[in-house]
């Protein structure tokens with residue numbers, strides 16, 4: 001039986017990594033890249049992961065949405081800061097109204113961005129990636145640690161879909177490629193649970209120009225991280241989702257054990273790229289407020305990050 | 001009639017400036033300094049103010065609390081971060097239970113610190129200084145701008161005292177020395193009104209390594225400054241004090257017109273000195289909480305500042 005084919009929009013730390021693993025597992029995989037397509041074709045795709053190296057010769061790489069072939073699954077794997085290109089790209093990338101589209105992105109609202117283009121009845125999924133991986137250069141991906149994916153189907157009302165067949169199928173493909181993967185019955189809950197870590201640690205690393213280790217070891221920022229987590233918990237609660245206190249404790253345990261780590265937002269900041277402030281901070285704050293919950297510390301951090309993004313030379 | 005004599009504890013931007021003005025107006029003035037007393041005596045006190053220079057030869061300067069002469073008024077003019085020395089210094093500096101003690105300090109709680117040493121019935125006043133002035137070196141004070149003082153008597157219950165005779169007398173002395181001065185009937189209200197500016201602008205200048213001009217010109221930090229001011233307003237309200245919205249507008253108008261300005265907290269941070277985080281942030285947050293009001297953004301900013309103070313080398 002022919003294996004499902006995958007089109008990755010974006011070939012950075014996420015799209016380059018999972019795309020390469022699916023390719024190595026025998027799936028037809030192609031990528032849309034923003035630039036350097038010719039370099040990719042000439043030099044291939046090099047994946048480094050924990051001391052091992054894989055080279056994919058002649059990867060199927062495109063730099064124009066007009067040229068994209070029809071794939072069975074489309075994965076949006078660029079940063080949310082590029083989602084303004086979805087209206088241009090998705091109609092060309094998605095061959096049929098039944099082609100599942102997986103948003104492997106941070107924060108909130110990606111699935112809604114896709115649904116604005118594809119309509120609310122299109123099969124849309126969220127893919128939550130817990131990994132440390134980044135693009136070193138064109139066609140060169142360095143995977144440092146982790147790699148777990150949580151998949152969940154999106155619904156226009158936000159109601160939990162339960163584990164859907166399409167989520168199970170894509171999960172099976174990823175699992176066969178060696179990815180630790182789980183299917184969540186409730187995308188909203190999963191996205192907010194991911195924010196419990198992302199909101200304190202991504203923003204504080206940038207705002208204080210530090211790393212996760214120093215943040216959890218300093219009593220002030222450890223307390224602040226917990227306060228920020230509690231606001232995320234309250235936001236989720238306003239949406240009818242319960243994140244237990246034990247989950248917050250677990251996030252601290254994980255971070256205590258982690259090698260000091262620079263979240264992707266910090267790499268973006270240092271490289272002069274836009275940060276995912278809207279997806280990770282502003283959308284959660286606005287959504288929680290719409291449902292009656294304030295997240296004032298999260299809002300404060302978001303505004304600090306906005307200032308920093310606009311005054312990066314300092 | 002002999003003019004009232006003044007003892008200033010601290011001879012930096014506040015004590016050096018107002019002490020010099022009172023001296024030049026004919027008041028007997030002496031200073032307690034932490035170090036360099038001999039240098040002061042040898043070289044005198046040089047005050048630079050808006051292009052003018054005054055030199056006071058042989059200023060009466062002490063470096064040991066044991067040697068201090070009896071003065072009619074004692075002014076605490078060091079930073080709140082030195083208030084741990086009040087129990088050692090005040091009993092030696094204050095000659096009688098009727099000697100008024102004026103706390104020319106930032107934030108909240110200075111009068112309570114003094115009352116812990118002198119007892120709740122001692123005449124204690126708050127002196128709120130709106131000025132840009134700093135010590136360039138031993139005996140060398142540079143006054144840049146402003147200089148207004150608001151005086152108010154402290155009461156153990158926090159109830160407004162109305163304008164007291166002693167506040168009026170000290171105000172008259174300062175006025176005769178050329179200081180723009182007013183007497184407030186309500187110290188608590190005056191201190192919280194001062195926080196309306198101090199809380200957003202001192203902390204944000206440090207946290208974002210920027211100046212007041214950039215903060216008010218950036219839409220994110222302008223909004224954040226207003227949110228922080230609203231929390232101060234809510235804190236004051238919990239204490240039964242009304243700060244009208246127009247006062248917040250006025251603080252923005254002032255800041256819009258100001259020359260870009262580095263608040264004293266920023267000078268402290270850059271010079272490696274402790275910052276007045278407790279007086280300006282932590283005490284207001286704790287007091288408001290005790291009275292049922294949360295100040296989450298102020299708390300967030302305080303925790304960021306604490307981290308920065310502890311990791312200053314970065």
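According to the Kirkwood relation over distinct C-alpha pairs, the hydrodynamic radius of segment A:189-310 is 14.3 Å. When you restrict to C-alpha pairs under 8 Å that are six or more residues apart and normalise by the size of chain A, the relative contact order lands at 15 percent. The calculated P(r) of segment A:176-258, using every Cα pair and 10 Å bins from 0, goes 17, 46, 28, 9, 0 in percent. Our note on the geometry: Cα centres of segment B:251-270 and segment A:204-268, 32 Å apart.
Once the Cα atoms are used to define both axes, helix A:187-207 deviates from the longest principal axis of chain A by about 70 degrees. Would you mind getting me the FRET efficiency between residue A:312 and residue B:312? Use the beta-carbon distance for r and R0 = 30 Å, nearest 0.05. After rounding to 0.05, the efficiency reads 0.90. Placing a label point 7 Å from the Cα of residue B:242 along the Cα-to-Cβ direction, the distances to the matching points in the other copies come to 4.4 nm, shortest first. From helices alone, chain A scores -13500 deg cm²/dmol at 222 nm; the rule is -39500 (n - 2.57) for each run of n ≥ 4 DSSP H residues, then divide by the residue total. Put simply, the convex hull of the Cα atoms in segment B:91-242 casts, on average, a shadow of 10.8 nm². Across peptide A:139-151, the mean count of Cβ atoms from other chains lying within 10 Å of each residue's own Cβ comes to 0. For the pair residue B:63 and residue A:267, label points projected 7 Å from Cα toward Cβ lie 5.5 nm apart. Peptide A:290-303 is shielded by partner chain Cβ atoms: per residue, an average of 4 of them sit within 10 Å of its Cβ. For chain B, the longest principal axis of the C-alpha atoms and the axis of helix B:245-257 are separated by about 70°. Neighbour counting of Cβ atoms within 10 Å sorts the residues A:62, B:250, fewest neighbours leading, into B:250, A:62. Relative to its residue count, chain A spans a Cα convex hull of 130 Å³ per residue. Computed over Cα pairs, the Kirkwood radius of segment B:1-113 leads via Stokes-Einstein (1.567 mPa s, 4 °C) to a diffusion coefficient of 90 µm² per second.
Taking other C-beta atoms within 10 Å as the exposure proxy, B:129, A:132 rank A:132, B:129 from fewest upward.
Label-point spacing at residue B:121 relative to the other copies reads 8.5 nm, in ascending order, each point sitting 7 Å out from Cα along Cα→Cβ.
In chain A, the longest principal axis of the Cα atoms and the axis of helix A:165-176 are about 80 degrees apart. Mean per-residue shielding of peptide A:222-229 is 3, counting Cβ atoms of other chains within 10 Å of each Cβ. Summary of the geometry: segment B:117-180 and segment A:92-121, compared by the centres of their Cα atoms, lie 64 Å apart.
For the pair residue A:55 and residue B:175, a Förster radius of 51 Å applied to the C-beta separation gives a FRET efficiency near 0.05, rounded to the nearest 0.05. Sorted on the mean count of surrounding Cβ atoms within 10 Å across their residues, most packed first, peptides B:195-205, A:185-195 read B:195-205, A:185-195. Let me know the whole percent of all Cα-Cα pairs from the protein assembly as shown that are separated by more than 45 Å. Taking all Cα-Cα pairs of the protein assembly as shown, the fraction more than 45 Å apart is 34 percent.
If you model segment B:59-159 as an ellipsoid using its alpha carbon gyration tensor, with each semi-axis the square root of five times an eigenvalue, the axes come out at 22, 19, 12 Å, biggest first. Measuring between their Cα centroids, segment A:277-297 and segment B:280-314 lie 22 Å from each other. Distances from residue A:286 to itself in the other copies, using label points 7 Å out along the Cα-Cβ axis, amount to 3.9 nm in increasing order. Taking the inverse of the mean reciprocal distance over all distinct Cα pairs, the Kirkwood hydrodynamic radius of segment B:6-185 comes to 16.1 Å. For segment A:189-310, the relative contact order is 36 percent, taking Cα pairs closer than 8 Å that sit 6 or more residues apart in sequence and dividing their mean separation by the residue count.
No value in this document is a laboratory result; all are computed from the given coordinates. In this text, all values refer to a predicted model and were calculated from it rather than measured experimentally. No Cβ is skipped: glycine too gets one built from the backbone with ideal geometry, and neighbour counts run over all protein chains shown.
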